[in-house]
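Participant: First, the structure itself, so that you have it in front of you.
The values are calculated or read from the model by the stated rules, or taken from the named source; none is laboratory data. This structure is a prediction, so every number in the text was calculated from the model and none was measured. Here the Cβ is made from the backbone with ideal geometry for all residues, glycine too, and neighbour counts use every protein chain on show.
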Amino acid sequence: MKKYIIGVFILFFLIAKSYGQEKMHLVIPQGHTSDVQCLLLSKDDRYLISGGADGIVNFYDQKQQKLLKAIPLLSDFGRVDPRKLEFNATQTKVLISGDWAIFILDVETLICKVLFQKKGVIMSTFSPDGKSVYVATRTGGYQEGGVDFPLKNGAHQIDVASGKAISLFELEQKVEFTNVLVAKDGRTLYFCTAVNVTKYDIALKKTTVFNIPNVYDVLPNGQLFAFNLLDEDKNLYNIVRYNPYTLQEVGKLTFTGNSWRFKYVLYKDWPPLDMLHWWNIDAKRHRVILSNKQEGIVYDYEKNTVTQLPKYSMPFATSVVVSNTDPNKWFIGFGGGESTLDVRAYNPISNVISEPMLKGGFESRFLSAAQHSNGFVCSPKVSDDIKYFNVTESGKQVKLLTWGSAKTSAKLLNSIGETATLSPDGKYITAANYFGYNMIADVYGSGQTAKKIFESKTTGNINTIDYSNNGLIAYFNNRTIYIYDIKTATIIKKITTGGGDMAAHGDKYGAISADGKMVYAMYGGKNNAGTELRFVAAFNVETGQAIWRRRLPEECTLVQLSEDGKKLYACYGLTIEELEPVTGSVLNTKKFKGFMESPDGFYIYALSKNATKAYILTPDGQACVYNTVDQTQLFRFPTRLQEGIFLKNDSLMVTGTGSTLKIWDIYARKELASIYVFKETSAYIVITPEGLFDGTEEAIRSIYFVEGKEVVPVESFYETYYTPNLLARILSGQKLPIVNDVRNLHPRPKARLNYAVKTRNLKVTDDQQADFTNSTGLAEIAIEASAENDRVDEVRLFHNGKIVNVVNRNLVVTDEKTGRVRRLYTINLLPGMNTFRGVALNGQRTESAPDQIAINYIGANAAGSNVSPVVVQGDIDQIDKEATLHLFVIGINAYKNPNMRLNYALADATAFKDQMEKGAQTVIKNVKTYFVTDDLANKQGIVNAFETVQKAAKAQDVFVFYYAGHGVISEKNKEFYLVPNDVADLKNMDESLASKGISSKFLQQYAVNIKAQKQLFILDACQSAGAFSKLIESDATQQKSLAIVARSTGTHWMAASGSQQYAQEFSQLGHGAFTYALLSGLDGKAKVQNLITVNGLKNYISEIIPKLMKQYNGSEQFPVSYGFGKDFPVEEVR
């Protein structure tokens, strides 16, 4: 089976109940967030493993084109950056060498464990039999308190099975070890430095030092090879090979490099450790590949020749590995500068670099929360997008704003930032970076994107940003405080602290008072004796003069004002000083005892708004929330963390680690959800520990779970676990649906398709697709499905993306004992290519992997079709010009209950009908309209129209359904209903809906029964006023209903969302906001290359409706849309 897999390349994070072995883990489509430092490739090229400076090792399956696991490397000393990856002889284990720790990764289970950890661990290597690991270490080499501690290089042998460590030797030397190598016979070790090699005889336990510089590895022929810079100005280098026993020179090659870039990565006396990752031995072809962040060289150690690749052939390459099966396929890891951090394939013959395999990810570095709204913002570790999550004023939805280097609008050009802060009211975001660039944006300035209102450049880093309540913003620079006035868009004051740089562990260097009259900052300096001094000080904003200064006993980590402005908190270590803001006098001092062991101490990273809670970190990422009133521990976090903030009510926290944001309930002491954000896009996903999820369509489609080495898309659990408005519901304190933990579900069911008597390889993971040719126009398609430890609850067959009417099946064979089902369908093919997709669901409503086949109908009857001549791009399907558009429109103003009357529903429906009838004729010849309004729009009238369409519509036709009127959620069954005109009893709404309403399941069945393969349903419906109070939950229920219908039928759905009035009617517009935006889009505003498509309409209304609502109503409304069928054009704009 041939599978077309979009290049989704990924970074993953675990959803774990504990730290033991997991049944499944979640994979997120992101790559490394820092330089790719080392690569490793299995002998069959199946597994590609990469290690990044972000402390992550990615395990990538090239056959499935999926990342199976991303392993965070954590030791007792904190995060570990991998420096070297190495297989054992059988390739069942991977040795991971990092700073201060080494790890063993089991290739079969993908479980990674710490084997050895010690400050000073440098590098390691396997013994030839894989039973032992040899480790190079160092201690000393520094001065402290006037005392010199000499550098001592050491060596250890670790038993892999038991983890027992034995010290081999320790030598006082001038240069530290950079690598450890083992001879082919396993009897000798080589510990290398920039100036010499220490040879160690294992049997004799004897060390001998040879003055041989820059030895990097043992070649397959047993010789050692070294790479040296001879003359920096002339770019002169040599490669030398040595006898492994005598360490005598046996071969040398001197050459002139292509590029001056080599001089920056090779030094005469101190090559960086990273050099060890910029080469690869290709044993099959007796060559060594070396790169220098610009280009590469190929050294043939048998012929003793060098081939230099073209200049700039590998810009910013930081690691390389060569395919074992294809000599002209290399894999390169990138990093450094502003390049994308990823892994790509490279052909040295054509000098072509492929698209990224593991595209770089977003790494959160700074978090900020608005004091008076449920919004929070995260900004990255390096210049990139800023991500802002905001629960809208009505509390119904979460909006993600994003802007940055790759996705900015013209208004936000260069609006990159490493520090982003929200104003107290959540209406402004101020962003700045370490180069002094800063900008202020109005969050609501342009609907879905913010509007930049100011941009400037200061001298030096912008470390902290704070707001007053009267429109002033304080930028805290290294030694200067800039005061900016939002109203006048100018910097009104520059205040010099008079001290040194502001330096702290945290991100809160200063604060401005609510009235904007005072500003407070921490700073450092030295006295005449050279003693380090630390201060916190207050300055008058108008005069710029210091009001008071207070010397602190150690480095300050946080400065913060209380909510009422009557106290200033200055934190250092585990001490909080409460100061009087005007005089600087000490009101109170709180000093906490250590609550956990850490070799490097603790510091207070964040305080709640009135300092009743403290978020305390250790440098290695251990974290705790402390009650500052009674000095008790509220919550010890179960995982290593970085930045953290308290949200509005102080009972919830958001923490950031890498590309993961987590929301925690402090009092319940548990994780509520993880949020994953994506680089250079507005895609995001929210997921709870149990597996409930929500997010953008792009993100949901790209993420998956991995069980063992089987990939299970999150979409497989869509029907039960998809939870619209999930983040908003969590932040508002709603109770979420109770579900089984997704990791404890039955195995995923399996489905396979058979065409006629021909069968294919029935493995679901098969990579090849069989294409068939048909000349009769009829096809028999069988679905065979099975469900381990469960039953097959449903099978679905989709033809060209649209579900096939299950009534058409003419055979069902069920084996209850094995949970197997076989269903046979007779299908009328359309001319040309016909695609079929089969899916099975088990009793827990988990979906199987889809199985697909393609049948090309080329019979005589196929030649007469006239496909629309419109040129379409990408994944847009074509329309048969001779087909028919069945346009079913309902508009209800006059309900039998006068209290339910609407003003613009009929006008909306009429305008939509007229616009569609006019525009559709540009892409399809025949339009048949079914217009049902007011008195005729009872249940029977609506059913009659559906039945007429069902009888008339053919597979090649298009069906568009539009409804304008009331819509409600039944409190009894939580199902969404359209409300015909005769549903009048508001007191007994559930009974009235049951007999007279149009349910989402009813619409779903007609979506199935109507044969037209291109279908669009548009619902401009509202919650009847006062019908339900839990609007967020009701809105989410409506979205869930529509999403399941769209997914199960392969159709498109668009709906007004979350309105208690009829989709917000405005006399100024003459229409409801939803339909006004829809008509505007159909009038040409939604066109892309002169074509208006279903997805184009969705994108347009999602952008324009929040603007309309903000402009006319003061609060935002967000439409919802779901589409699981193919995109198709509805109009050509000429």
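Participant: Would you call Val870 modelled with pLDDT under 95, among the aliphatic types (A, V, I, L, M), outside the structural domain of Gln950 (by TED's automatic domain parsing) and assigned to a loop (DSSP other than H, G, I, E, B)?
Facilitator: yes
Participant: Is it true that some residue in the range 1077-1089 is in a helix (DSSP H, G or I), modelled with pLDDT under 85, farther than 19 Å from Phe912 by Cα and polar (S, T, N, Q)?
Facilitator: Within the range 1077-1089, not a single residue is in a helix (DSSP H, G or I), modelled with pLDDT under 85, farther than 19 Å from Phe912 by Cα and polar (S, T, N, Q).
Participant: Which members of the range 1081-1134 meet the condition of being among the polar types (S, T, N, Q) and either crowded, with 18+ Cβ neighbours inside 10 Å or over 27 Å from Lys881 (Cβ atoms) (or both)?
Facilitator: Thr1093, Asn1095, Ser1102, Gln1111, Asn1113, Ser1115, Gln1117, Ser1121
Participant: Where residues in the range 978-1010 are of a type in the set (Val, Ile, Thr) and under 30 Å from Thr835 (Cα atoms), which of them is modelled with the lowest pLDDT? Before the answer, list the steps.
Facilitator: Of the residues in the range 978-1010, the ones of a type in the set (Val, Ile, Thr) are 979, 983, 998, 1008, 1010.
Still in the list and also under 30 Å from Thr835 (Cα atoms): 1008, 1010.
Numbers: Val1008: 91, Ile1010: 94.
Once the filter is applied, the top-ranked residue is Val1008.
Participant: Can you tell me which residue in the range 299-347 is nearest to Lys84 (Cα to Cα), limited to those that are of a type in the set (Gly, Ala, Ser) and either in contact with a Phe, Trp or Tyr (Cβ under 7 Å, 6 or more places away or on another chain) or at pLDDT 90 or above (or both)?
Facilitator: Across the range 299-347, the extreme among qualifying residues is Ser319.
Listed here are the residues, each with its yes/no results for (1) within 43 Å of the chain's Cα centre (by Cα); (2) of a type in the set (Asp, Glu); (3) modelled with pLDDT of 95 or more; (4) over 28 Å from Ser132 (Cβ atoms).
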residue	(1), (2), (3), (4)
Thr198	no, no, yes, no
Thr207	no, no, yes, no
Phe210	no, no, yes, no
Pro220	yes, no, no, no
Asp233	no, yes, no, yes
Leu236	no, no, no, yes
Tyr245	no, no, no, no
Gly257	yes, no, no, yes
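Participant: Now, a different point. From the set of residues in the range 199-235 that are among the acidic types (Asp, Glu) and farther than 18 Å from Val180 by Cβ, which is surrounded by the fewest Cβ atoms within 10 Å (Cβ to Cβ)?
Facilitator: Here the residue is Asp233.
Participant: Do you know which of the residues in the range 611-632 that are of a type in the set (S, T, N, Q), in a loop (DSSP other than H, G, I, E, B) and at pLDDT 85 or above is surrounded by the fewest Cβ atoms within 10 Å (Cβ to Cβ)?
Facilitator: Thr612
Participant: Next question. How many residues are in contact with a Leu (Cβ under 8 Å, 6 or more places away or on another chain), assigned to a loop (DSSP other than H, G, I, E, B) and either small (Gly, Ala, Ser) or closer than 24 Å to Gln622 by Cα (or both) when one looks only at the range 64-121?
Facilitator: Number of matching residues: 3.
Participant: What are the pairs with Cβ atoms under 9 angstrom where one residue, in the range 954-974, is closer than 23 Å to Asn897 by Cβ and the other, located anywhere, is charged (D, E, K, R) and surrounded by fewer than 17 Cβ atoms within 10 Å (Cβ to Cβ)? Sequence gap at least six, or different chains.
Facilitator: Ser970/Asp990; Glu971/Asp990; Lys972/Asp990; Lys972/Glu991; Asn973/Asp990
Participant: Does Leu74 qualify as being at pLDDT below 95 and closer than 21 Å to Ser323 by Cβ?
Facilitator: No; evaluated as a whole, the condition is false for this residue.
Participant: Could you list, in sequence order, the residues of the range 896-912 that are β-branched (Val, Ile, Thr) and either under 11 Å from Asn981 (Cβ atoms) or in contact with a Lys or Arg (Cβ under 7 Å, 6 or more places away or on another chain) (or both)?
Facilitator: none
Participant: Could you please give the count of residues in the range 555-591 that are modelled with pLDDT under 90 and assigned to a loop (DSSP other than H, G, I, E, B)?
Facilitator: Adding up the residues that qualify gives 6.
Participant: Further, regarding this structure: Mind counting the residues in the range 146-172 that are charged (D, E, K, R), part of a loop (DSSP other than H, G, I, E, B) and surrounded by 15 or more Cβ atoms within 10 Å (Cβ to Cβ)?
Facilitator: Total satisfying the criteria: 0.
Participant: Here is a follow-up. Consider Gln1013 against the criteria (1) touching a Phe, Trp or Tyr at 6+ places or on another chain (Cβ under 7 Å); (2) at pLDDT below 95; (3) within 30 Å of Phe836 (Cβ to Cβ): it satisfies all of them except one. Which criterion is unmet?
Facilitator: Among (1) touching a Phe, Trp or Tyr at 6+ places or on another chain (Cβ under 7 Å); (2) at pLDDT below 95; (3) within 30 Å of Phe836 (Cβ to Cβ), the lone unmet condition for Gln1013 is (1).
Participant: Continuing with the same structure: Of the residues that sit in the range 826-851 and are buried (at least 22 other Cβ atoms within 10 Å of the Cβ) and β-branched (Val, Ile, Thr), which one is farthest from Arg752 (Cα to Cα)?
Facilitator: Thr846
Participant: Follow-up. Any idea how many residues of the range 173-206 are small (Gly, Ala, Ser) and assigned to a strand (DSSP E or B)?
Facilitator: Total meeting the criteria: 0.
Participant: Can you work out which of the residues in the range 918-930 that are surrounded by 16 or more Cβ atoms within 10 Å (Cβ to Cβ) and without any contact (Cβ under 8 Å) to a residue 60 or more places away in the chain is nearest to the chain's Cα centre (by Cα)?
Facilitator: Ile924
Participant: Which residue out of Phe535, Phe539 is surrounded by 14 or more Cβ atoms within 10 Å (Cβ to Cβ), farther than 25 Å from Thr632 by Cα and at pLDDT below 90?
Facilitator: Within the list Phe535, Phe539, the selection yields Phe535.
Participant: Name the single residue that is surrounded by the most Cβ atoms within 10 Å (Cβ to Cβ) among those in the range 945-975 being part of a strand (DSSP E or B) and of a type in the set (Ser, Thr, Tyr).
Facilitator: Residue satisfying both the conditions and the ranking: Tyr963.
Participant: Based on what the data block shows, is Ile942 hydrophobic (A, V, I, L, M, F, W, C), at negative phi and assigned to a loop (DSSP other than H, G, I, E, B)?
Facilitator: When the stated conditions are applied, Ile942 does not pass them.
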